[in-house]
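> Mind looking over this structure? Questions follow.
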Amino acid sequence: MSGLIEYLKGPELVVKVQEFFGIEYLHCRENGKIDSSDAYCGGVGSSLRTRTKLRDGNKQNGDLTNLDEDSSGSSSGGNDSDKCQGGADKETVMPYRITNKFWYYLFLIGTELGDEIFYATFIPFWFWNIDSAVGRRVIMVWSAVMYVGQSLKDVIRWPRPGFPVSRLQKKWALEYGMPSTHAMVSVAIPFSVLIYTHDRYIYSLPAGLAFATIWCAVICFSRVYLGMHSVLDIFAGLGLVVALMIPLIPIVDKLDYIIVTSKWSPIPVLAISILLIVFYPDSGIWTPTRGDTALTVSVCAGLEIGAWLHYTLGDFKPPANPPPYEIIWPSYAMLGMLLLRTVLGLCCVVATRAFGKSISYAFVCFLLGRDKNELRRSENTLQNKNKIIVELSYKFFACGMIGFNTQYLLPNVFKLLRIGRPDFYTEI
């Protein structure tokens, strides 16, 4: 068993997956191992003439090639070793050539399905145009899964794949790798949507399962393809999220109704959210996972408080007919309103984030007696307590406001503008 774990954890398996999907490493192998002293490996014996010749030849062939150790961008093969934990040495960065652009662009899109930009567009779109009751439950599952996954990363502290793996992406290089929260989200979001909608709407369950499975597979393969996770990270994330979702799905279903309908629920919601952020596990070094966790927790809290306010003010009414419901495909007029709600709402979300960040950042800096510009330029370390407090505070406030506005404020604006979704206020 230990041998299997080491095999799944090893960087050589990541390289094999990358090569299977069209990443060609420009290296020599000896006895099945990569020889980092070869000229193509960027070792001491490499020459500028050899690199230039290879680069020019690949440009003519239309290949995406990385031959420089200081390359940057999404197609970069360099490892950010001076910042990430256990990364490859800069002197042994492996040059590569991308020979299959289909997989390259597919997996670039796939990995973005677990990014903040995706969450900032998917969550509001779902609430404003599809079903807010299902949306709240999905976000509660997502938030719980992300909190557990991100916390375990900073407890286990396993590094991401190192040499000979070349990373095609550096965005999450500062975080630890085990377990893969991308893998966890790839199950949590599509399958919780499927579970919460299959008794609520009439549609083909096999088609839904196929879509959710493809969604999950693309994200999981993208993380190995980009060199950001070992195969063991992916398997651990998938196993963990399944174990979490078995109790979470029924608990969240009941908990959402209790939060929305209880008189004093905002108080425990805010208190628990703050405590989860304050008592987040300390990894011993600074990583961005704590800030990401504050984001997910605050968005969930803002959505639930917004729904509670709707119910308290008498906006939410029970639906006239019990589920399941037929799916109403939008007409041209409905589609126009959908686009208008989405564009107008997303502009307000961007403005909310900018305003909330600016105000909360300045306010907390004032309370701490620190200059905000000086603090912003300071280092990201655990010893820099003031910066950690300010970062977590502004993320909690700004992202909480985004969640609240998504559920409460903006739907009321749409209603005043007469572009609101008609069944929005029947979704308890």
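The values are calculated or read from the model by the stated rules, or taken from the named source; none is laboratory data. Quick caveat, the model's predicted, so the values are computed rather than measured. Positions of Cβ are generated from backbone atoms using ideal geometry, with glycine treated the same way; all protein chains shown enter the neighbour counts. Note: areas computed on protein heavy atoms with side chains; ligands, DNA, RNA excluded. Shrake-Rupley method; radii C 1.70, N 1.55, O 1.52, S 1.80 Å.
> Select from the range 74-120 the residues that are open to solvent by less than 50 Å² (accessible area, probe 1.4 Å) and of a type in the set (Val, Ile, Thr) and write down the one among them that is modelled with the highest pLDDT.
Thr111
> Looking at Ser166, Ser192, Ser180, Ser151, can you tell me which residue is open to solvent by less than 40 Å² (accessible area, probe 1.4 Å) and within 29 Å of Thr426 (Cα to Cα)? Before the answer, list the steps.
Numbers: Ser166 fails: within 29 Å of Thr426 (Cα to Cα); Ser180 fails: within 29 Å of Thr426 (Cα to Cα); Ser151 fails: within 29 Å of Thr426 (Cα to Cα).
Just a single option satisfies the conditions, and that option is Ser192.
> Among the residues of the range 195-217, which ones are of a type in the set (A, V, I, L, M, F, W, C), part of a helix (DSSP H, G or I) and surrounded by fewer than 17 Cβ atoms within 10 Å (Cβ to Cβ)?
Leu205, Ala207, Leu209, Ala210, Phe211, Ile214, Ala217
> Looking at (1) open to solvent by less than 10 Å² (accessible area, probe 1.4 Å); (2) modelled with pLDDT of 90 or more; (3) within 20 Å of Phe211 (Cβ to Cβ); (4) under 17 Å from the mean Cα position of the chain (by Cα), which is the only condition Val134 fails?
For Val134, the failing item is (4).
> From the list Leu335, Leu367, pick out the single residue that is more than 26 Å from the chain's Cα centre (by Cα) and at pLDDT below 85. Walk me through it before giving the result.
Working: Leu335 fails: at pLDDT below 85.
Just a single option satisfies the conditions, and that option is Leu367.
> Here is a further query. Could you tell me whether Arg376 is open to solvent by 60 Å² or more (accessible area, probe 1.4 Å), part of a helix (DSSP H, G or I) and at pLDDT below 80?
Answer is yes for this residue.
> Moving on. Among the residues of the range 389-424, how many are among the charged types (D, E, K, R), in contact (Cβ under 8 Å) with a residue 60 or more places away in the chain and assigned to a helix (DSSP H, G or I)?
So the answer is 2.
> Any residue in the range 294-305 that is closer than 24 Å to Lys153 by Cβ, assigned to a helix (DSSP H, G or I) and of a type in the set (S, T, N, Q)?
Yes: the range 294-305 contains one or more residues that are closer than 24 Å to Lys153 by Cβ, assigned to a helix (DSSP H, G or I) and of a type in the set (S, T, N, Q).
> I need a count of the residues in the range 249-280 that are of a type in the set (A, V, I, L, M) and open to solvent by 30 Å² or more (accessible area, probe 1.4 Å).
First, the residues of the range 249-280 that are of a type in the set (A, V, I, L, M): 249, 251-252, 255, 258-260, 267, 269-272, 274-278.
So of that shortlist, the ones also open to solvent by 30 Å² or more (accessible area, probe 1.4 Å) come out as 251, 255, 258, 267, 270-272, 274-276, 278.
Selection size over the range 249-280: 11.
> Here's something else I'd like to know. Checking Arg97 against (1) in a helix (DSSP H, G or I); (2) more than 20 Å from Ala398 (Cα to Cα); (3) in contact with a Ser or Thr (Cβ under 8 Å, 6 or more places away or on another chain), which single condition isn't satisfied?
The number of the failed condition is (1).
> For Val231, are the conditions met, namely being at pLDDT 90 or above and among the β-branched types (Val, Ile, Thr)? Can you show your working first?
Values: at pLDDT 90 or above: no; among the β-branched types (Val, Ile, Thr): yes.
Considered against the rule, which asks whether it is at pLDDT 90 or above and among the β-branched types (Val, Ile, Thr), Val231 comes out as no.
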